[in-house]
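The values are calculated or read from the model by the stated rules, or taken from the named source; none is laboratory data. Remember, it's a predicted structure, so these values are computed and weren't measured experimentally. Heads up, the Cβs are rebuilt from the backbone with ideal geometry, glycines too, and the neighbour counts pull from every protein chain shown. Note: areas computed on protein heavy atoms with side chains; ligands, DNA, RNA excluded. Shrake-Rupley method; radii C 1.70, N 1.55, O 1.52, S 1.80 Å.
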Amino acid sequence: MADNSVTSGSGSQPGLTPLDVALRLACEQVPVSDLIETRELTECHGAILREDVIAAINVPSVDNSAMDGYALRMADLALLPQTGALTLPVAGVALAGHPFIDEIPTGRVVRIATGAAIPHGADAVIIQENVAASADESEIRIERAVIERVRQGDNIRRAGEDVKQGTVLLPAGKRLRPQDVAVAAGQGRAHLVVARPLRVAVFSTGDELAAPGGELPPGGIYDSNRFAMIGMMRAIGCDVTDLGLLRDDFAVLQAALSEAADNHDVILTSGGVSVGKADLLKPVVDSLGSIEAWKLAIKPGKPLMRGRIGDCLVLGLPGNPVSVMVSGLLYAVPLLLHMMGARIEDRAIVRFPMPAGFNLKRRTGRREWLRARLHRNGNGQMVALPFHSSSSGVLSSMVWAEGLIELAEDRAGVQQGEIVDYIPFAGLQAF
């Protein structure tokens, strides 16, 4: 078993690896998958882009109108008499997709719709609300005060103003959002090259567990961890195989992991990674492959194992429900996004500085996450408040919470009003 335990010098407990160090080492040691696929654009949301999307055309493709109004020549406004208004005939109409073909005649205007190509010769658009059109719309009247405000280029969107041909529109490694897919569509792309979903086998261990829908034995609990892990994996686009519940039996676990490793990229499990008599996952993985990291300086979630069976990555998360959620969101999810080729910024954790609405004393040595939500105090200020219990077995706290308060390894406590790092669930990649 490889020993990658590291002490960062920032107050971590000896023999435990800080999360940021553990994740950096994992990303250095776990290769990015080279498996890609070409996917229809409608199926690309949430996928990891694996090749640059380079703009093939300018957007807009031609100069066009930003408003409904009238295209005109600025030089024609010099025809304004000393007093009164200026009347100009309407030479035609330009609509989006139906341009005014000819050059705009001198001394005339063209009725133009938003998005329509600017007629050749026109160098400004005056909005329709600022003119008075005749009943038959054959001419418009522009008052002196309006004309004095018109400037060359008014209400014209220039070709390439949004996107210039040849620029990298979407970089490889970007996790595709709806707006990213939309901008690719705006370039006429019907397909994109993206990472093939990782094949992830998920199971829970523990003789005390029962499957939901089944009978609960005396002293037993229903398995919830497996459903949290499946949800997190599917949220980042993985293909999940549910292996169900596996007994705390060396031979059973060994056979299941050996078979799963043959046709999956990742095995993700909860329980069995601590040091108890029934914690068999570590020796099972060691018998089939290798254990590359174990025990992180985090709370909740210290017993977290990373290993390998052949080409298959094995991640063993803790058995407590909150530990599964926290270590899954902050370690497993970013690591699997790395495997699919995601950029650092697309797997990063979003943190916001927020005033604390509580007091806390704690032992140093481990990075800790408190289940939390934002609350407006009596002064109208938004503050971060933790759940009343820090037990890693209280899964309902994750339902109550809207995010996590992060406390660094060397932080011994919090005083009300001090700034803490708040991680909203909405900023995590699996939410």
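Carbon and sulfur together cover what percent of the accessible area of the range 66-145 at a 1.4 Å probe radius? Could you put the intermediate results ahead of the total?
On the way: 2110 of 4060 Å².
C and S atoms contribute 52 percent here.
Of Gln187, Gln128, Gln254, which has the largest mean-square fluctuation in a 10 Å C-alpha GNM of the chain? The residue that fluctuates most here is Gln128. Per-residue ellipticity at 222 nm computed for the chain from its helices equals -4500 deg cm²/dmol, with DSSP H segments shorter than 4 residues left out and the rest contributing -39,500 (n - 2.57). Lysine pair count for the chain with Cα-Cα distance under 30 Å and sequence separation of 8 or more or different chains is 10.
For the peptides 361-368, 313-320, 287-294, 97-104, what is the packing order when you average, over each peptide's residues, the other Cβ atoms within 10 Å and list the highest mean first? Can you show the working numbers first?
Details: 361-368: 16.8, 313-320: 25.2, 287-294: 18.6, 97-104: 14.4.
Output ranking for 361-368, 313-320, 287-294, 97-104: 313-320, 287-294, 361-368, 97-104.
Shape analysis of the range 188-282 places it in the prolate category; the axes a ≥ b ≥ c from the Cα gyration tensor give an a/c of at least 1.5, with a/b above b/c. Contact order for the range 34-146, expressed relative to its length and based on alpha carbon pairs under 8 Å spaced 6+ residues apart, stands at 31 percent. If you roll a 1.4 Å probe over the range 299-431 with all protein chains in place, what percent of the accessible area is carbon or sulfur? Carbon and sulfur together cover 51 percent of it. The mean accessible area for residues of the range 60-187, using a 1.4 Å probe and ignoring ligands and nucleic acids, is 52 Å² per residue. Amide H contacts of Val53: Leu169, Leu170, Ala172, each under 5 Å away and 5 or more positions distant or on a separate chain (H built 1.01 Å from N in the peptide plane; Pro and chain starts excluded).
Averaging sequence separations of C-alpha pairs under 8 Å and six or more residues apart, then dividing by the length of the range 231-373, give the relative contact order as a whole percent. Before the final figure, lay out the partial values.
Working: 179 pairs, mean separation 29.6, N = 143.
Rounded, it is 21 percent for the range 231-373.
Could you tell me the calculated FRET efficiency between Ile101 and Ala132, based on Cβ-Cβ distance and R0 = 41 angstrom, to the nearest 0.05? Numbers along the way, then the final one.
Numbers: r = 27 Å, r/R0 = 0.66.
E between Ile101 and Ala132, to the nearest 0.05, is 0.90.
Based on the alpha-carbon gyration tensor of the range 366-431 and its eigenvalue square roots a ≥ b ≥ c, which shape applies: rounded if a/c is under 1.5, prolate if not and a/b is larger than b/c, or oblate? Don't skip to the answer; put the middle values down first.
On the way: a/c = 1.44, a/b = 1.12, b/c = 1.29.
Verdict is rounded for the range 366-431.
With the whole protein complex present, Glu161 retains an accessible surface near 110 Å², based on a 1.4 Å probe.
If you line up the long axis of helix 19-29 against the longest principal axis of the chain, both from Cα atoms, how many degrees apart are they, to the nearest 10? Its long axis makes an angle of about 80 degrees.
Can you bin the range 235-349 into rounded, prolate or oblate? Criterion: square roots of the alpha carbon gyration tensor eigenvalues sorted a ≥ b ≥ c, rounded for a/c under 1.5, prolate for a/b above b/c, oblate for the rest. In terms of gyration-tensor shape, oblate.
Averaged per residue, what accessible area in Å² does the range 348-431 show with a 1.4 Å probe, protein chains only? All intermediate terms of the calculation are to be shown ahead of the outcome.
Values: 4310 Å² over 84 residues.
On a per-residue basis, the range 348-431 sits at 51 Å².
About the Cα centre of the chain, how large is the charge dipole given +1 on each Lys and Arg Cβ and -1 on each Asp and Glu Cβ? Please answer in debye to the nearest 20. Before the final figure, lay out the partial values.
On the way: 41 positive and 49 negative charges, 259 e Å.
The calculated dipole for the chain is roughly 1240 debye.
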